[in-house]
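Structure, as structure tokens:
The values are calculated or read from the model by the stated rules, or taken from the named source; none is laboratory data. Note that this is a predicted model, so its numbers are computed, not measured. All Cβ positions, even for glycine, are placed from backbone atoms using ideal geometry, and neighbour counts span all protein chains on display. Ligands, DNA and RNA are excluded from the accessible area calculation, which covers all protein heavy atoms including side chains. Shrake-Rupley method; radii C 1.70, N 1.55, O 1.52, S 1.80 Å.
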Amino acid sequence: MSGVEVITFGCRLNTYESEVMKAQAEKAGLNNAILVNTCAVTGEAVRQARQAIRRARRDNPHARIIVTGCAAQTEKETFAEMAEVDAVLGNEEKLASASYRSLPDFGVSADEKLRVNDIMSVKATAPQMVRHIDGHVRAFIQVQNGCDHRCTFCIIPYGRGNSRSVPMGAVVDQARKLADSGYREIVLTGVDATSYGGDLPGAPTLGLLAKTLLKQLPDIRRLRLSSIDSIEADAHLMDLIADEPRFMPHLHLSLQHGDDMILKRMKRRHSRADALRFIEEARRLRPEMSFGADMIAGFPTETEEMFGNAVRLAEEADIAHLHVFPYSQRPGTPAARMPQLDRSLVKDRAARLRAAGHRLHLSHLDRMVGTRQWLLVENNGLAHTENFTLVAAPGLRPGELVPATITGHNGKHLDMQLTAAAAA
């Protein structure tokens, strides 16, 4: 191989940072290299990264393999000890071209492979400018990094550090460049995006940032947020839901569970009632609003009754896009020291929660039939509605915004018929 290839795991923030990494590595003159941007959210994510590294070495015996990302930050020795790995970079180091200029030669010791700092010492997030997100028709912008909260199941703060925000002016500049490059849709991403601005002068909020982007950049046709914590939603965000058609009617919520005792043991900051109240208010302001959510099945101490409360929350909230995680024990977290459930029970509950999510998704698809929608066409023969529902869109040009009437569905995605545009 030649050039720089990036293998990305995990969240939208990693997708964005992979573009930065590739640009910085190429700027440094790196060639014949594979960058593996890992995720640490579950043990399975770490296992998949190790598997991908071994496969990359088999397929590219002479390439340089550099591992980075959250798993590399939290389990640096694990990757440094892999014979297939030539260097391990931390989450801060991966974004700097100097890191790629100073890589060690092949055959060095595990200690010499490591370029991983203390992430908790990082106090600011520098804006990173990209004009293209490879393989995506929507653009991602990092507005925040790190997390000040310490949910008992989560290792991510130790991979990302404490919360820090990108100044609003830099976000506007980045969005302008992406809009000028032809992107119709922009997604604001972060580890804890709704904590945006708390460390900046004047403490602007995520809602205010989104309002500012849409006011200053009329070329942005669609604006989305990545996963949010509903308890941190601010008045500006609620205004956007109510009054701004370019703010897309879909939010992905970090719910995690539906039982108040488990939420306390997770050290979450919302209750079951808080979550339902936010969803009800958002739907009152924007009836077409749909919701996705992350939920964990099989958390330590979870009883059958507690699990039932999680299922009922998903049903009462009518979550259209449920993302289920079987609880994953992460060493060093408080939850790892709690009484654990048998893995077969964890897997069983995850399967049952996914089945409930599938039923909810089918109901959502049923309700979409007969509606008129604007679709953003993807690269894979599919498109997304404004409320982030997949639609079959064969033969259409990726990146196009097209009007359509939803005619049916196959249980996974919607079918459509193109219609005349009432307005572009």
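Some notes on this structure:
- Check on residue 46, among the β-branched types (Val, Ile, Thr), farther than 30 Å from residue 169 by Cβ, out of contact with any Leu (no Cβ under 9 Å at 6 or more places or on another chain) and modelled with pLDDT of 90 or more: yes
- Of residues in the range 149-171 being farther than 18 Å from residue 209 by Cβ and free of Cβ contacts under 8 Å to residues at least 60 places away in the same chain, the one most open to solvent (accessible area, probe 1.4 Å): 162
- Matching residues, the range 368-381, being open to solvent by less than 60 Å² (accessible area, probe 1.4 Å) and modelled with pLDDT under 95: 378, 381
- Those helices (runs of 4 or more DSSP H) of the range 1-118 in which at least 3 residues are out of contact with any strand residue (DSSP E or B) (no Cβ under 8 Å at 6 or more places or on another chain), considering only elements entirely within it, cover 12-27, 43-59, 97-101, 110-113.
- Output for the range 367-408, where each listed residue is polar (S, T, N, Q) and in a loop (DSSP other than H, G, I, E, B): 371, 379, 380, 385, 387, 389
- Test: residue in the range 316-329 that is farther than 21 Å from residue 384 by Cβ, in contact (Cβ under 8 Å) with a residue 40 or more places away in the chain, open to solvent by 10 Å² or more (accessible area, probe 1.4 Å) and among the small types (Gly, Ala, Ser): yes
- Selection of the range 192-234 for residues being among the hydrophobic types (A, V, I, L, M, F, W, C), open to solvent by 50 Å² or more (accessible area, probe 1.4 Å) and in contact with a helix residue (DSSP H, G or I) (Cβ under 7 Å, 6 or more places away or on another chain) yields 208, 231.
- Failed condition for residue 39, given (1) touching a residue at least 40 places away in the same chain (Cβ under 8 Å); (2) under 22 Å from residue 163 (Cβ atoms): (1)
- As a summary of the residue check, residue 336 satisfies the conditions (1) of a type in the set (A, V, I, L, M); (2) farther than 29 Å from residue 213 by Cα; (3) open to solvent by 30 Å² or more (accessible area, probe 1.4 Å) except for the one numbered (3).
- Flag for residue 20 being closer than 19 Å to residue 136 by Cα and at pLDDT 95 or above: no
- If only residues of the range 214-250 that are touching a residue at least 60 places away in the same chain (Cβ under 8 Å) and among the charged types (D, E, K, R) are counted, the one that is nearest to residue 14 (Cα to Cα) is 224.
- Filtered by the rule that a residue be of a type outside the set (A, V, I, L, M, F, W, C), within 21 Å of the chain's Cα centre (by Cα) and either at positive phi or not in a loop (DSSP other than H, G, I, E, B) (or both), the range 319-339 gives 321, 323, 326.
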